[in-house]
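Step one of this worksheet: look at the structure below.
Where a number appears in this text, it was derived from the coordinates with a stated rule and is not lab data. Predicted model only: the values in this text are computed from it and were never measured. Positions of Cβ are backbone-derived with ideal geometry, glycine not excepted, and every protein chain shown enters the neighbour counts.
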Amino acid sequence: MTSGTSCDQPSRSLISTSLATPALRADRWLSVLDLARKWSGTNSADIKSCLSSSLNKLDDLERFFAYPGSQLLERLRTCLTDDDNKAFLRLAQRISTTIISRKYHRDASAWTTDDHDDEPLNRLPQAITHLKNIPYFEVLSVVPHAPSRWPVIQEEARGVRRPEDDFIYQPVIVGNAQDALTAILLNPDLGAVVLYEGFSAQSPADNPLLAVFQSIIDFTTIGDDETLVLQVAQAIKKIRPELDLYLLSDRNIEALAGKPESRFFNRIFYQMEEPLELHLSILEGIRNRYRTPFFDNLKRYAQRPIATFHALPIARGKSVFTSNWISDMGEFYGPNLFLAESSATTGGLDSLLEPTGNIKDAQAMAAQAFGADHAFFVTNGTSTSNKMVLQALLAPGDIVILDRNCHKSHHYGCVLAGALPYYVEAFPLVEYSMYGGVPLSTIKQALLTLKAQGDLERVKMVDLTNCTFDGHVYDTRRVMEECLAIKPDLIFLWDEAWFGFAHWSPLLRQRTAMGAAAALTEALAQPAAQKAWDEQVGILGQNPDDATLLNTRLVPDPRAVRLRVYQTNSVHKSMSALRQGSIVLVKDVDFEHVESQFHEAVFTHASTSPNLQIIASLDVARRQMQLEGYGLVSNALQIALEIRKQVNNHPLISKYFRVLNSAEMIPEAYRKSGMADYNDPSTSWDKALQSIKDDEFLLDPTRMTLSCGAAGFDGTTFKNILADKFNIQLNKTSRNSVLLQSNINNTRSDIALLIRVLVDIATDIDKKILDNDEIYLKSLENRVHQLVDDLPELPNFSRFDDRYREQPSAKTLHGDIRRAFYDAYKESECEYVALDSAEIDQRLQSGPTLVSANFVIPYPPGFPIMVPGQVITQAIVDFMRKLDVKEIHGFNKALGLKLLKRTEKKENS
Ligand SMILES: *Cc1c(COP(=O)(O)O)cnc(C)c1O
């Protein structure tokens, strides 16, 4: 390194940092390691000085973590001052590997200062050396004492450990509010926070890591006054609601305990009280989250000697293990699976359909963990969850505003419930043959049109997908606010099949159904909400026209609003549940009025033989997220952001492949902040903040659309190459892209593998091009043109045929999908016409109208280009004819399009 070169490492963009704050630590260690390697090779003084400043930066962070602790860091610094570059590198490597592998969770030797010296340094309890599997966490203490006292406080905390403790923790100490909030962002190991009254404020707003939370936390109220501790407690709960909080106060704690804010605390102690009590409470707090009522009981059940006389031969495994023919199944799954199978609801197993015991308990814990009032486990996937919610809340004739591109369970749910879907259209991304989300203006327009028609009363629900398959995340709060301004008792169903994990990201949580519902509940209770409504009425007057309503950011009337929010969530898609493990989350002020309907819907759709292992896995998935979800989700986000960066900045890979960024996935109109790319270091802080808070759509970073058209691959071909040659599996493709997803199980090695594979493929293409293979070049050019330029327009929903509409002349779009669906059961009323036939063209010209008899859903793109009763237009036929995918549900090429014949009789009800 020549003199004058700065030590700065390439930095992350602010927004990517704030989405995965814990990654900051890994970055700093990487930079120290990098320099340490250089230093040990060259012994350069410049590098040494960079290393020294790098180490200082690291110290700024490491004080928020128990491991490696001050002594190990001191040791590292000594190596630096002693010019012992080999020892420095060795120790730095050891520490960073230990952090990444989290070896310090399990192994006392990780805490020692010397490679050869196994003397436990931090006076870890003996427990950690011989009980390898006891879960480890860290406890943050926020104290008023001078830093010189901190070691004593730490010693005290360690001194109360007992060999019989079922968990083990290490203390971390900070001295002010800003550091407390920084610590909970950076340190995913934290399980509890102890606030000692009297610590100082030091405004959190000054810290850029925290400033991004301005929209949910009012930092201006955090000051050195007597409410400080309550303000900080509230702020912590907004960032990481799962953390247990304890207050140590020397004031009148009885009075404090009576205040509503005391609900943030698990317990309030008088400061002089026995530290053992605090210790036991901390362990109990963790134990409460660790508890999995159903799973715990299932394990107990499996161990009991039970003779079964119910119908489930596989239970206890006897029919399996004694068989000559199927015992391999027993060997494969192991005995526990069979011991845990039962069709009984006795023996403490409880009943999913009428839970009164541990399932009820487990559901209540899940509701609390996910920020809902009620939670219902579903063992047949979110496909069933959606149908349950639609049936429970909609009656025949009710209107539901529905994203036409939603999962098919919603369409079928309408058929079953007899509700009339009013299809609204998402914005198209023609270049990639996919759709985004439904613009708010489209939803408002639909409501206003219905209102003008006198049908607003019949609109019961707005049903949207958040996030979409491709990662479009709504501003859930704003959508609800503005819709409620038009109709204050609308019910919202947010299909968050993919987005369940988002609850454990403090930034993404704001854009989940439950996160937004909580924020909205809080906001509507403030006097400001009433004021905003009154002001709006003053400005808009009593009868504003549609254009004004569309162009105004509407606020609802807090006195009129009934907030009714439902979220469905495929726990198996983003958390550790077995396939089909799904959950319905409810935050509905009127739930008591629909509870019995809700149970009817459960009875309609749920199996009477629910899979016990799926229920157990839902219970366990909740436990995991509550105890380590914050770190896991942040890791998944970090990996996604890293993949985005690596692919798009790689000189070779980026010639043919690209992970689409926000600017490519979301039209500018829905991205007012101008935020274009998570990894763009020039994105200003304001922009990042505004984008998360206010942009109509945000891209979920973990859903990465990798465009492969420039490499001459269509999505399906590329997906198969990845699967067959490289063992990389993914499930969604578009015409010219594949969708990569990161989740809580990904590691940095996965990034390396993916990059390796893309380099291989790109090298291969490069080589063929260099070889000047004329035939290859020509065909590549053709394919790229077909995939990238020659894309069919995506056909919008046309309309229902008049016979399925109540008022054919009306502007409203809803239709009786259920009647159309059943008309198709009458063979005599159906006909088939070949897609290529002249008859189609002729009828498009001069009628009779072509009316689809069923759902036609091509994969990809996976949305229904026709639904029962829908009028088939030229655009749809063009799209179908251009479509070169093999899998089209509801369409048999040999037979042709299935149509509903024109019948003369009109069935007007
Ligand atoms: C996968 C999915 C569903 C269905 O969920 P399952 O758990 O597979 O039944 C519903 N909606 C959306 C948006 C999905 O992606």
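In the chain, what percentage of the DSSP-assigned beta bridges are antiparallel, given to the nearest 5?
Counting only bridges with both partners in the chain, antiparallel ones make up about 50 percent.
Which order results if Met514, Met272 are arranged by neighbouring Cβ count within 10 Å, fewest first?
Lowest count first: Met272, Met514.
Just to confirm my numbers, what's the Cα centroid distance between the stretch 811-845 and the stretch 606-620 in Å?
That distance is 40 Å.
Please report, in debye to the nearest 20, how large the charge dipole of the stretch 32-115 is about its Cα centre when each Lys and Arg carries +1 at its beta carbon and each Asp and Glu carries -1 there.
With Lys and Arg at +1 and Asp and Glu at -1, about 300 debye.
What does a probe at Leu456 reach in the stretch 793-827, counting residues whose amide N is under 16 Å from the point 7 Å along Cα→Cβ?
The answer is 812, whose backbone nitrogens lie closer than 16 Å to the label point.
Let me know the shape class of the chain, please: from the alpha-carbon gyration tensor, a ≥ b ≥ c as square roots of the eigenvalues, rounded when a/c is under 1.5, otherwise prolate if a/b is greater than b/c, or oblate.
prolate
Grab the beta carbon distance between Lys768 and Leu730, set R0 = 22 Å, and tell me the FRET efficiency rounded to 0.05.
Efficiency, rounded to the nearest 0.05: 0.35.
How high is the FRET efficiency from Leu353 to Tyr333, r the C-beta distance, R0 25 Å, rounded to 0.05?
0.45
State which entries of Lys693/Lys882; Lys645/Lys725; Lys387/Lys732; Lys451/Lys531 exceed 32 angstrom in Cα-Cα distance in the structure shown.
Result: Lys693/Lys882 exceed 32 Å.
Let me know the Kirkwood hydrodynamic radius for the stretch 594-721, please, with Cα pairs as the basis and the value in Å to one decimal.
Taking every pair of different Cα atoms in the stretch 594-721, averaging 1/r and inverting gives 18.4 Å.
When only C-alpha pairs under 8 Å and at least 6 residues apart count, what is the relative contact order of the chain, in percent?
Relative CO of the chain lands at 11 percent.
Below 16 Å, Cα to Cα, which lysines can Lys103 reach? Residues fewer than 8 away in the same chain don't count.
Within the straight-line limit of under 16 Å, Lys103 reaches these lysines: Lys132.
Add +1 for every Lys or Arg and -1 for every Asp or Glu among the other residues with Cβ under 11 Å from the Cβ of Pro795, and state the total.
Computed value for this residue: -1.
Within 10 Å, count the other beta carbons around each residue, average over each peptide in 576-586, 135-145, 66-76, and list them highest first.
In descending order of packing, they fall as 576-586, 135-145, 66-76.
Quick one: which of 376-384, 774-782 comes out on top by average Cβ neighbours within 10 Å, and what's the full order, highest first?
376-384, 774-782
Sorting Cys414, Cys830 on the 10 Å Cβ count, fewest up front, what's the list?
If I rank by nearby Cβ atoms, fewest first, I get Cys830, Cys414.
Could you name the aspartates and glutamates whose alpha carbon sits less than 17 Å from that of Lys259, not counting residues in the same chain fewer than 8 places away?
Glu197, Asp225, Glu226, Asp250
Can you give me the C-alpha center-to-center distance between the stretch 754-803 and the stretch 540-572, rounded to a whole angstrom?
Their Cα centres are 42 Å away from one another.
Would you order Phe879, Phe598 from fewest to most other beta-carbon atoms within 10 Å of each residue's own beta-carbon?
Arranged by neighbour count, lowest to highest, Phe879, Phe598 become Phe879, Phe598.
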